[in-house]
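Everything on this sheet refers to the single structure shown next.
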Amino acid sequence: MKDARRALMAKIHIAKKDLGLDEDTYRAILARHGAPGDRPSSAQMTVPQLETVVRELQAKGWTPKKPGAGRRPKPPRSRADQIAKIEALLADKAKRQGRPVPWAYADAIAKRVCRVDKVDWCSNEQLRRVIAALEYDRRRG
């Protein structure tokens, strides 16, 4: 229940930013849907109240963005084949899971295996290690 509440509050704050709502308008929406006090806050609301706020924000034109695959790295030609292999392994993992696997997953592997924050910044040898980790994950199941 706590996770659902946090997710709804996050959606509300993202919608507020995307719609460009000022603070007064935002707080008026919260008050309209049952937020108590003279300074309404989403933290004071119940899950059903938060759901009604999200529905109103969607009625005002906000649409939540679906999680995507992220931005594909643009490597130099010397590493393009390795990046393509990583992309294929991510696509294979997505197919097995039934949901998209973002490039951030490969970045996390690069950080864990190579101590490099992004796949973009990996050397050829480091990319080989990322590919090996993804291959191991694929064989595992």
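If the condition is being farther than 13 Å from Lys60 by Cβ and hydrophobic (A, V, I, L, M, F, W, C), then region 1-18 contributes Met1, Ala4, Ala7, Leu8, Met9, Ala10, Ile14. Restricting attention to region 1-32, the residues that are out of contact with any Asp or Glu (no Cβ under 8 Å at 6 or more places or on another chain), in a helix (DSSP H, G or I) and surrounded by 17 or more Cβ atoms within 10 Å (Cβ to Cβ) add up to 8. Would you pick out the residues in region 33-48 that are surrounded by 13 or more Cβ atoms within 10 Å (Cβ to Cβ) and on the phi > 0 side of the Ramachandran plot? The one that is surrounded by 13 or more Cβ atoms within 10 Å (Cβ to Cβ) and on the phi > 0 side of the Ramachandran plot: Gly34. The set of residues in region 83-109 being within 18 Å of the chain's Cα centre (by Cα) and of a type in the set (A, V, I, L, M) consists of Leu90, Ala91, Ala94, Val101, Ala104, Ala106, Ala108, Ile109. Would you mind stating whether Pro73 is surrounded by 13 or more Cβ atoms within 10 Å (Cβ to Cβ), in a loop (DSSP other than H, G, I, E, B) and under 19 Å from the mean Cα position of the chain (by Cα)? Spelling it out, Pro73 is indeed surrounded by 13 or more Cβ atoms within 10 Å (Cβ to Cβ), in a loop (DSSP other than H, G, I, E, B) and under 19 Å from the mean Cα position of the chain (by Cα). Filtered by the rule that a residue be surrounded by 14 or more Cβ atoms within 10 Å (Cβ to Cβ), farther than 21 Å from Arg77 by Cα and among the small types (Gly, Ala, Ser), region 109-141 gives a lone residue, Ala133.
The numbers here are math on the coordinates, done by the rules we state, and not lab data. Just so it is clear, the model here is predicted, and its values are computed rather than measured. Note: ideal-geometry Cβ built from the backbone for every residue, glycine included; neighbour counts use all protein chains shown.
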